[in-house]
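Enquirer: I am attaching a structure below and will ask some questions about it afterwards.
The values are calculated or read from the model by the stated rules, or taken from the named source; none is laboratory data. Please read all numbers here as calculations on a predicted model, not as lab measurements. Cβ coordinates were reconstructed from backbone atoms using ideal geometry, including for glycine residues, and neighbour counts include every protein chain displayed. Accessible surface areas use protein heavy atoms only, side chains included; no ligands, DNA or RNA. Shrake-Rupley method; radii C 1.70, N 1.55, O 1.52, S 1.80 Å.
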Amino acid sequence: MKKIHLTFVVLLCSCLTISAKDLLLTSPDKSISVTISIGKDIKYSIDFREKKIILPSALSMTLTNGTIIGTDPQIIKATTSSVDEITNPLYGIKQALRNHYNELKIDCAKDYSIIFRVYNEGFAYRFVTNIKGDILIKSEQTEYHFADNYGAFFHPILSESDYRIQKISDYKQNPNYSSLPLLVKGPNNLNILLHESDLFNYPSLTVAADSVAVNTIAGVHAAYPKKVEIGGYNNYGMIVKTQEPYISKTVGKRSFPWRLIAFEEQDKDILTNQLVYLLATPSKLSDESWIKPGKVAWDWWNALNLSNVKFKTGFNTATYKYYIDFAAANHLSYINLDDGWSDPFDLLKPTKDLDMEELISYAHKKNVGVILWCVWHTLNRQMIPALDMCEKWGIAGLKVDFMDRDDQVMIEFHERLLKEAAKRKLLVDFHGAFHPSGMSRTYPNNINVEGVKGLEWNKFDKNGVSPQHDVSIPFIRMFAGSMDYTPGAMQNYNQTDWKQVFNRPTSQGTRCHQLAMYVVYYAPLEMLADAPTAYQKEPQVLNFLSEVPTVWDDTVPIEGKVGEFLAIARRKGTDWYVGAMTNWTERELNIRLNFLEPGKKYQAEIFTDGINANRVGSDYDLVKYEVKRDDHLKINMAKGGGWVCRFKLLN
């Protein structure tokens, strides 16, 4: 598609700022209408298909010197523009994304502007300042005044939690807090998602139910840390003890994060809404050729539980050579050495039984990359020597853990690490982290982010992760970007039989529920969580896991309902994959194959829950037959079940 930019400028007399003035901005397809009201303050309101969704909601930013950006605005100029272009991600869920929006930029006295954008997918705004020197930001006013007391999916812990369904005005919930994205269910089941994008040098946005204003969600930011101490689990965290009386210490000439609201009428269409990515700054890396998505043989979840081998497993060279051999034999790009390969507080001291140089040389000969786990504050303290060591060894990437904060200092750590890692051609997978906000577009070596209650919770939580949770996160957490859920459990149990076991972990739901995650969940760096020998005992499963891609050329949502079920189709090259998952309810779906190419035949290789999967979760069937575009397929899923298929082009 040809790139189109149209710009119109309207000069407004300063006297107009005394009386109220409304400016209207609509989406290209006219479904979203945004009114910007300018009077004593600046407010926005939103109609979707001519129905009021967001009532006038104020936005402002207060500096510690008393300046309030957005109050008593003196408008100098209003500029409208339109953009319609194709963006080609380095990797993602589609080869090409349409970046189509209408924009209004309001330039004001006091050296600031506010930019408003409306896409067919949603609405966003951001502050831009042009103030000399550094500034301290005391607070930011971010509010969402809804037309009614809609239901919402609160996420009451920063990064890893189940969802709490409540009314948006229920401020008495404990805690009255949600990290983003927040999914609000509006009229006629309209999906309204609150999030942010292009977050740098500023604290992440979280929200709470407003205790004064009715039907209102209010933005909240972590204050700037003043004093921190080592603490938390195994002293892997840095706990904030005291805070400054401001949220941000930053430069005065800059753009601030986008505040965004996405709209989708059908649950399934959330799965392809790319507003977070589109709003992010394009890549700052001059060389991206070395960034390779792929699958990873992971050690920690399976507790190094290799069986029928001739050596004692542990943090030793023989064990990890086995992981390397497994990865090489099955076309996995990487292995991950997790907690235990080094002194967690000194990355320059590997465990004595690991010969790192020999191990990495062995991996290179097998064309397998090595990813190392580390504690964030250790890496922060040793960043340059540790990254130099990784570059010298030929390490492929780092898995960085236990940040567990979203203040400005933590966001700055993320960017600083990504910059330094890119200089040394290192990938970064953030664990124990806040949810993604477009950073992987700006720094594509940010290959994945956890920020989700994933499979690991089956190791240490008595409730673990349920199939209901598994079919909620694609519609909420995955809207923000890729997620390192780490699937692949080979011991699978029903709701009655499952129990938490740390060193011999299992999953809730069926084997096919786990396999479907490799298609349903978007993860450019995707883990195989179980032990190599567990997969080797299941050659049909291993063959599928060896071949399933981690990034895609096209994605087509088929069906879905938050917390209940979903089915999605994804294409890589000429082959299509379909993954379907359900909660603890047995389910039958009938899907049309109209995403396949007309006039072509495909070999369908289908993993389906076995006839006894409700009793024995690992029971599955593998069937193969020819299909074409005009066909329908019936999907039957057991309780906590799944279904996954590869459609291989035959002609």
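A quick yes/no check of all residues on (1) assigned to a strand (DSSP E or B); (2) at pLDDT 95 or above; (3) not β-branched (Val, Ile, Thr):
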site: Ile411; (1), (2), (3): no, yes, no
site: Lys419; (1), (2), (3): no, yes, yes
site: Asn448; (1), (2), (3): yes, yes, yes
site: Lys453; (1), (2), (3): no, yes, yes
site: Met478; (1), (2), (3): no, yes, yes
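Enquirer: Let me ask another. Condition (residue is part of a strand (DSSP E or B), more than 30 Å from Asp22 (Cβ to Cβ) and under 33 Å from the mean Cα position of the chain (by Cα)) applied to the stretch 78-96: is it met by at least one residue? It would help to see each step written out before you state the result.
Expert: We begin by selecting, within the stretch 78-96, every residue part of a strand (DSSP E or B); these are 78-87.
Then drop every residue that is not more than 30 Å from Asp22 (Cβ to Cβ), which leaves 86-87.
Applying the additional criterion that residues be under 33 Å from the mean Cα position of the chain (by Cα) yields 86-87.
Checking the stretch 78-96: at least one residue is part of a strand (DSSP E or B), more than 30 Å from Asp22 (Cβ to Cβ) and under 33 Å from the mean Cα position of the chain (by Cα).
Enquirer: Let me ask another. I'm trying to understand the selection: among the residues of the stretch 441-462, which are touching a residue at least 60 places away in the same chain (Cβ under 8 Å), out of contact with any Lys or Arg (no Cβ under 6 Å at 6 or more places or on another chain) and not aliphatic (A, V, I, L, M)?
Expert: Across the stretch 441-462, the qualifying residues are Arg441, Tyr443, Pro444, Asn445, Asn448, Glu450, Gly451, Lys453, Gly454, Glu456, Trp457, Lys459.
Enquirer: Picking from Ile606, Ile635, Ile611, which residue would you name as being closer than 13 Å to Leu515 by Cβ, among the β-branched types (Val, Ile, Thr) and over 27 Å from the mean Cα position of the chain (by Cα)?
Expert: Exactly one of Ile606, Ile635, Ile611 is closer than 13 Å to Leu515 by Cβ, among the β-branched types (Val, Ile, Thr) and over 27 Å from the mean Cα position of the chain (by Cα), namely Ile606.
Enquirer: Among the residues of the stretch 540-565, what is the count of those that are closer than 22 Å to Asn336 by Cα and more than 23 Å from the chain's Cα centre (by Cα)?
Expert: 6
Enquirer: Okay, next question. Kindly indicate the residue of the stretch 330-356 that is surrounded by fewer than 14 Cβ atoms within 10 Å (Cβ to Cβ) and out of contact with any strand residue (DSSP E or B) (no Cβ under 7 Å at 6 or more places or on another chain) and also farthest from Tyr236 (Cα to Cα) among those meeting that condition.
Expert: Only one residue tops the list, namely His331.
Enquirer: Tally up the residues in the stretch 536-554 that are within 24 Å of Arg592 (Cβ to Cβ) and part of a helix (DSSP H, G or I), please.
Expert: Selection size over the stretch 536-554: 1.
Enquirer: OK, next. Given the condition in a loop (DSSP other than H, G, I, E, B), on the phi < 0 side of the Ramachandran plot and open to solvent by 10 Å² or more (accessible area, probe 1.4 Å), answer yes or no: does some residue in the stretch 378-391 qualify?
Expert: Within the stretch 378-391, one or more residues are in a loop (DSSP other than H, G, I, E, B), on the phi < 0 side of the Ramachandran plot and open to solvent by 10 Å² or more (accessible area, probe 1.4 Å).
Enquirer: Residue pairs, Cβ under 9 Å, 6 or more apart or interchain, first in the stretch 108-122 and more than 14 Å from Asp41 (Cβ to Cβ) and part of a loop (DSSP other than H, G, I, E, B), second open to solvent by 30 Å² or more (accessible area, probe 1.4 Å) and hydrophobic (A, V, I, L, M, F, W, C). List them.
Expert: Hits for this filter: Ala109/Ile76; Asp111/Ile131.
Enquirer: While we're on this one: Name the residues in the stretch 70-96 that are under 16 Å from Asp29 (Cβ atoms) and surrounded by 15 or more Cβ atoms within 10 Å (Cβ to Cβ), would you? Outline the logic, then answer.
Expert: Residues of the stretch 70-96 that are under 16 Å from Asp29 (Cβ atoms), as a first pass: 82-84.
Passing the criteria: Val83, Asp84.
Enquirer: Looking at the stretch 588-608, can you tell me whether even one residue there is farther than 29 Å from His469 by Cβ, hydroxyl-bearing (Ser, Thr, Tyr) and surrounded by 16 or more Cβ atoms within 10 Å (Cβ to Cβ)?
Expert: yes
Enquirer: Give the stretch 155-182 a look and list any residue that's open to solvent by less than 30 Å² (accessible area, probe 1.4 Å) and either in contact with a Pro (Cβ under 9 Å, 6 or more places away or on another chain) or charged (D, E, K, R) (or both), or say none.
Expert: Matches in the stretch 155-182: His155, Pro156, Glu160, Ser178, Ser179.
Enquirer: Where in the stretch 555-651 are there strands (runs of 3 or more DSSP E), lying fully within it, with 2 or more residues that are closer than 19 Å to Lys268 by Cα? Before the answer, list the steps.
Expert: Working: elements: 565-572, 575-582, 587-592, 601-609, 620-628, 632-637, 642-649.
Here the list reads 565-572, 575-582, 587-592, 632-637, 642-649.
Enquirer: Let me ask something else about it. Would you confirm, using the coordinates I've provided, whether Asp134 is among the acidic types (Asp, Glu) and under 23 Å from Pro257 (Cα atoms)? Spell out the reasoning first.
Expert: Working: among the acidic types (Asp, Glu): yes; under 23 Å from Pro257 (Cα atoms): yes.
It is true that Asp134 is among the acidic types (Asp, Glu) and under 23 Å from Pro257 (Cα atoms).
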